[in-house]
Structure formats: C-alpha cells, structure tokens
Amino acid sequence: MFNFRLDIVIDYLPFFLKGAMMTVAVSLAGIGIGAVLGLFIGFGKMSPLAMVRFPFVWYINFFRGTPLFVQLLLIHFGVMPLFISPPSALASLVVTLSLNAAAYMAEIFRAGIQSIDRGQMEAARSLGMTKFQAYRYVILPQAFKRMIPPLGNEFIILLKDSSLGAVIAAPELMYWGRAAASQYFKVWEPYLAVAMIYLILTLSLTYLLNYIERRLKTE
C-alpha cells in the first residue's frame, strides 16, 4: 500500500526553500549575463561582413545544437578548472546557463530588431542621430515590446534547466530533492515537493510576464 510520508517534506522544507532561492538566483544571473552577451552576439550575427558573422553564427550553432547537460559537464570539468581550483559548482552552473542563454537570446534580439521597419532607422538617422543613438532610442524600445514573450519563455526554460546543476552538486532545488530521496530511500515525497515548487515558480513567472506584456500594450 502506498504510504505518503508528509514528515519527509516537512523536515526538508527549509532546504527546499533555500534551494528554490538559489535556483531563482542562478537563473536571474544566467538570464542577466546571457542578455548582455546575447545582445552583443545578435549584433555580431547581423554584421554585413561574413568574416565577422562567422564566429557568432557558430557560437549560436554550438550552444543551440548541443545538450545543456553536455555543456555543463564540459564547462565544470574542462573549462572551470583552468580558472578555479577546485571548480565551484555554482560558478560552473551560472557560466553554463549564461552561455547557453546567450545563444538563444541572440536569436531573439536579432529577430526582434529585424522585425522593426528599416524606415525607422532611416528616419532616426535623418534627424541627426548616430547609429548607436538610433538603436538605443528608436529601434530597441520598439523591439523590446515584441521580445518580451520569447524572453520570458527563455527565463522559464532556464529556471527549469538549472535543475541540471544537481549533477555537479550545485545546491539548487533539485540537489536537495535528490538529497532527501537518498536519505529516506523515498521517491514520491521529495520529488513531488520539488515538482510543486518548480510549478509555483514557473506559474508565478508566467503570470508576471503576462501582466508586463499587457501593461506595455496599453502604453
């Protein structure tokens, strides 16, 4: 007979909440760093020069075409030891999430920018703006409204993908779920609790992004 032990969830709840906060923190760091890198990579891919585009195109191809799990192992066990000894699991997770998110966000930025009519750039330049000013004050504000849904989806995906950090012992939410399962030799209680916390986080983000999108449409 199935016996659900609520006491396991209660005992580990402080650790689950601590892990959830760490999950949100590494996801925010990943999406923030990824956005900066992604904008740079997106502009690089839009370069009219093939030699300039080449490394950016293949950066995107590599990080979009290989599993995040493989990227995490390569960075934690191969790249990070070159800079930190011993490598930090949290640092490896943030770096991996950032680099992976940058590839996807580069395409989001590129698509958003190219969706703006070219006449907007020409009008801005005719008013005496530099190309940088035109992008900053005219193109990007308009493109950003169109990019909110895919950027929000990328954040939600990144939040869930951060669970792979448990493999390298990064103390995020899934790590504590595995710890509880190992201690009590139970599967349903810790993993259902972890699943519910992930569900709460993703649904909260979805509602927040929908609210932001509605507000921007009315402005």
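Could you tell me whether any residue of region 116-129 is surrounded by fewer than 20 Cβ atoms within 10 Å (Cβ to Cβ), modelled with pLDDT of 95 or more and not small (Gly, Ala, Ser)? First the steps, then the outcome.
So in region 116-129, the residues surrounded by fewer than 20 Cβ atoms within 10 Å (Cβ to Cβ) come out as 116-129.
Filter again for modelled with pLDDT of 95 or more, leaving none.
Checked against the condition, which is being surrounded by fewer than 20 Cβ atoms within 10 Å (Cβ to Cβ), modelled with pLDDT of 95 or more and not small (Gly, Ala, Ser), region 116-129 yields no hits at all.
Name the residues in region 113-135 that are closer than 16 Å to residue 46 by Cβ, among the charged types (D, E, K, R) and part of a helix (DSSP H, G or I), would you? Steps first, answer last, please.
Of region 113-135, the ones closer than 16 Å to residue 46 by Cβ are 113-118, 120-121, 131-132, 134-135.
Subsequent filtering for residues that are among the charged types (D, E, K, R) retains 117-118, 131.
Once the filter is applied, which keeps residues that are closer than 16 Å to residue 46 by Cβ, among the charged types (D, E, K, R) and part of a helix (DSSP H, G or I), region 113-135 yields 118, 131.
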Report task. List every residue pair whose Cβ atoms lie under 9 Å apart, where the two residues are 6 or more positions apart in sequence or sit on different chains, the first residue falls within region 117-134 and is over 17 Å from residue 146 (Cβ atoms), and the second residue, located anywhere, is aromatic (Phe, Trp, Tyr) and surrounded by 11 or more Cβ atoms within 10 Å (Cβ to Cβ). Result -> 124/135; 124/137; 129/137
Requested in this report: Could you check, for region 133-144, whether at least one of its residues is touching a Gly at 6+ places or on another chain (Cβ under 9 Å) and modelled with pLDDT of 95 or more?
Outcome: no
Report task. Kindly list the number of the only condition in (1) in contact with a Leu (Cβ under 7 Å, 6 or more places away or on another chain); (2) more than 19 Å from residue 71 (Cα to Cα); (3) modelled with pLDDT of 95 or more that fails for residue 152. Result -> (3)
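Would you point out which residue out of 164, 199, 173 is touching a Gly at 6+ places or on another chain (Cβ under 7 Å) and modelled with pLDDT of 95 or more? Steps first, answer last, please.
Values: 164 fails: touching a Gly at 6+ places or on another chain (Cβ under 7 Å); 199 fails: touching a Gly at 6+ places or on another chain (Cβ under 7 Å).
Only one candidate qualifies: 173.
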Report summary line: Checked 87, 81 against criteria (more than 14 Å from the chain's Cα centre (by Cα), over 30 Å from residue 116 (Cβ atoms) and outside any helix (DSSP H, G or I)); the one match is 87
Report task. Tell me which of these residue 54 doesn't satisfy, since it passes every other one: (1) under 16 Å from the mean Cα position of the chain (by Cα); (2) free of Cβ contacts under 8 Å to residues at least 60 places away in the same chain. Result -> (1)
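The values are calculated or read from the model by the stated rules, or taken from the named source; none is laboratory data. Note that the structure is a prediction, hence the values are computed from the model and not measured. Glycine also receives a Cβ, built like all others from the backbone with ideal geometry; neighbour counts cover every protein chain displayed.
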